[in-house]
Amino acid sequence: MDLKEAGIDEGISEVIVTTKSASGKLNAAPIGIITTTSEDKDKDKNNHFVKLYEGSKTLSNLMETNKLMANVTDDAVLFVKAAFDNLNETYFSFFSGLPALTEANSWIIFQSVLAEECSEFYLFQLTPIAVKINRKEVKAINRGLNAVIEATILATRYDVVIEDEREKEELKKLMVHYAGIVKKCGGRREKEAMGILDENFLLLDE
Ligand SMILES: Cc1cc2nc3c(=O)[nH]c(=O)nc-3n(C[C@H](O)[C@H](O)[C@H](O)COP(=O)(O)O)c2cc1C
């Protein structure tokens, strides 16, 4: 199944992954879908993976159900909210029994198999089993959106290094840099997203 049409291309595609626990609890988190292309040109086969670090709900849900939904979206606010809030049920729709984000441009359901496990991460190989394209968008690159994504990754890292004052300071310095780019280049959604990060990290008035 070629997922290019649905927005998943070579390299790492940042999406919002939605999952359901065995007991039915819904979860959403920003996660990178890794796509490698086989060297064998005749086969031209794409392989999809996800690398999950210890401690996330996404990891425990995937261990329980072996299924995830990749939601393709460029909504900066959804990325920040999925990283830090528990998205309430008003954000979700259902596609083939799995939770999806209503506002996403496309949905891809993947079946997962654990491919590698080490002390730092779990690597799952993903096989797409269903795709739905809700909307196709043509959009120029906005540096503000890219900056929100970078700042959100740093913000999720901040929680992990909570004991290390020097690394926290370094992360915050970088986040302030990205907040400046959002101020200059971002649209309303990017500014709203950075506003949520600012509430937690006080980035904008430095
Ligand atoms: C753009 C972006 C990409 C991310 N990619 C990954 C990833 O590939 N693997 C991972 O374990 N965490 C990744 N994270 C961090 C998780 O989103 C973060 O740990 C989150 O809090 C997990 O939420 P959960 O406990 O609801 O699953 C990423 C964060 C961002 C902002």
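The values are calculated or read from the model by the stated rules, or taken from the named source; none is laboratory data. Predicted model, so just to flag it, every value in this text is computed and none were measured. When we count neighbours, we look across all protein chains shown, and the Cβ atoms used for this are built from the backbone with ideal geometry, even at glycine. Remember, those area values only see protein heavy atoms, side chains included, never the ligands or the DNA or RNA. Shrake-Rupley method; radii C 1.70, N 1.55, O 1.52, S 1.80 Å.
Residues considered: SER119, SER60, SER93. Of these, the only one that is more than 28 Å from ILE141 (Cβ to Cβ), hydroxyl-bearing (Ser, Thr, Tyr), more than 13 Å from the ligand (Cβ to nearest atom) and outside any strand (DSSP E or B) is SER119. Contact annotation: residue pairs with Cβ atoms under 6 Å, 6 or more positions apart or on different chains, pairing a residue in the range 15-38 that is in contact (Cβ under 8 Å) with a residue 12 or more places away in the chain and part of a strand (DSSP E or B) with a partner that is away from the ligand (no atom under 11 Å from the Cβ) and open to solvent by 50 Å² or more (accessible area, probe 1.4 Å), are LEU26/LYS20; THR35/GLU10; THR35/ASN46; THR37/GLU10; THR37/ASN46. Of the residues making up the range 134-143, at least one is surrounded by 14 or more Cβ atoms within 10 Å (Cβ to Cβ), in contact (Cβ under 8 Å) with a residue 12 or more places away in the chain and within 16 Å of the ligand (Cβ to nearest atom).
Restricting attention to the range 11-25, the residues that are within 10 Å of the ligand (Cβ to nearest atom) and over 16 Å from ALA104 (Cα atoms) add up to 1.
Being closer than 29 Å to THR35 by Cα and in contact with a helix residue (DSSP H, G or I) (Cβ under 6 Å, 6 or more places away or on another chain), is that true of even one residue in the range 88-99? Show your work before the answer.
Taking the range 88-99 first, the residues closer than 29 Å to THR35 by Cα are 91-99.
The next check asks that each one be in contact with a helix residue (DSSP H, G or I) (Cβ under 6 Å, 6 or more places away or on another chain); those that pass are none.
Checking the range 88-99: not a single residue is closer than 29 Å to THR35 by Cα and in contact with a helix residue (DSSP H, G or I) (Cβ under 6 Å, 6 or more places away or on another chain).
In the range 158-168, what count of residues is obtained for those that are surrounded by 14 or more Cβ atoms within 10 Å (Cβ to Cβ) and without any contact (Cβ under 8 Å) to a residue 24 or more places away in the chain? If you could, list the steps in order and put the result at the bottom.
Residues of the range 158-168 that are surrounded by 14 or more Cβ atoms within 10 Å (Cβ to Cβ), as a first pass: 158, 167-168.
Narrowing the set further to residues that are without any contact (Cβ under 8 Å) to a residue 24 or more places away in the chain leaves 167-168.
Total satisfying the criteria: 2.
Considering SER56, SER96, which residue is open to solvent by 30 Å² or more (accessible area, probe 1.4 Å), hydroxyl-bearing (Ser, Thr, Tyr) and closer than 27 Å to TYR158 by Cβ? So the residue among SER56, SER96 that is open to solvent by 30 Å² or more (accessible area, probe 1.4 Å), hydroxyl-bearing (Ser, Thr, Tyr) and closer than 27 Å to TYR158 by Cβ is SER56. The condition of being in contact with a Ser or Thr (Cβ under 9 Å, 6 or more places away or on another chain), closer than 22 Å to ILE133 by Cα and away from the ligand (no atom under 13 Å from the Cβ) holds for only one of ALA104, ALA29, that being ALA104. Being near the ligand (Cβ under 8 Å from one of its atoms), more than 15 Å from PRO99 (Cβ to Cβ) and open to solvent by 40 Å² or more (accessible area, probe 1.4 Å): is that true of LYS51 here? Yes, satisfied.
With the condition kept exactly as written, say whether any residue in the range 35-45 is among the small types (Gly, Ala, Ser) and modelled with pLDDT under 95. Looking through the range 35-45, at least one residue is among the small types (Gly, Ala, Ser) and modelled with pLDDT under 95. Of all the numbered requirements in (1) in contact (Cβ under 8 Å) with a residue 12 or more places away in the chain; (2) open to solvent by 30 Å² or more (accessible area, probe 1.4 Å), CYS118 misses one, and that requirement is (1).
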